[in-house]
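Read the figures in this text as sums done on the coordinates, not as results from a lab. Values in this document were obtained by computation on a predicted structure and should not be read as measured data. Because the Cβ atoms are built from the backbone with ideal geometry, glycine has one as well, and the counts that use them run over all protein chains shown.
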């Protein structure tokens, strides 16, 4: 199942709206399967604009951020078909042309969800449903995907240890209860996330 990310999710992940939203966005993206995420190319142009105008980054730094997203996930081009479909969306449903391009590109990539805080919650077009991943109540499909992703992490755990840079350790022993395994794995992930953030900020 494919999931498209709108510009606001990328901008939040870049810290354009503060540390709290950055952490929420990064956690969301990390919990989704990498092979499931696609980026409409329109979102990369909008991200550059947000980082330069709102976040006050130098264009060179904004460009580097855009390139990192492009390298990390498949990009859906704004083809002639996408643009024509976007004009249909804009004229029939009152969306802006650029929001329509993002949604049309998501449909072209056969996505099931478009994660966006800006578009109308629950709006569905050609099989793509818009949902806000930061809402108090998640869309059932998104909630199920995040639950399955966490379950997959737990199931993938094998006896052994994950060492962190300060010799903190996660022990996973045969015979641990599923709840104990879950707590241990989540704790290890938290430690690694903290260290990664400190190392690369």
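If a/c stays under 1.5 just call it rounded; otherwise compare a/b with b/c (prolate if a/b is bigger, oblate if not). Do that for segment 2-135, with a ≥ b ≥ c from the square roots of the Cα gyration tensor eigenvalues.
In terms of gyration-tensor shape, prolate.
Let me check against my output: what whole-number percent is the relative contact order of segment 2-135, with C-alpha pairs under 8 Å and at least 6 apart?
27 percent
Once you place label points 7 Å from the Cα toward the Cβ at residue 80 and residue 2, how far apart are they in nm?
Going by the 7 Å Cα→Cβ label model, 2.1 nm.
Let me see the P(r) profile for segment 29-105: every Cα-Cα distance counted, bins of 5 Å, each bin given as a percent of all pairs.
Percent of pairs per bin, in order: 3, 16, 20, 19, 19, 16, 7, 1.
Under the rule a/c < 1.5 gives rounded, and otherwise a/b versus b/c splits prolate from oblate, where does segment 49-90 land using the Cα gyration tensor?
oblate
Can you tell me how much longer the chain between residue 31 and residue 49 gets when fully stretched, taken as 0.36 nm per residue apart minus their C-alpha distance, in nm with one decimal?
Here the answer is 3.8 nm.
Determine the gain in length on full extension of the stretch residue 147-residue 120; use 0.36 nm per residue of separation and subtract their C-alpha separation, reporting nm with one decimal.
Stretched fully, the residue 147-residue 120 segment lengthens by 7.3 nm.
Mind ranking 125-132, 31-38, 98-105, 87-94 by how tightly packed they are, going by the mean number of other C-beta atoms within 10 angstrom, highest first?
98-105, 125-132, 31-38, 87-94
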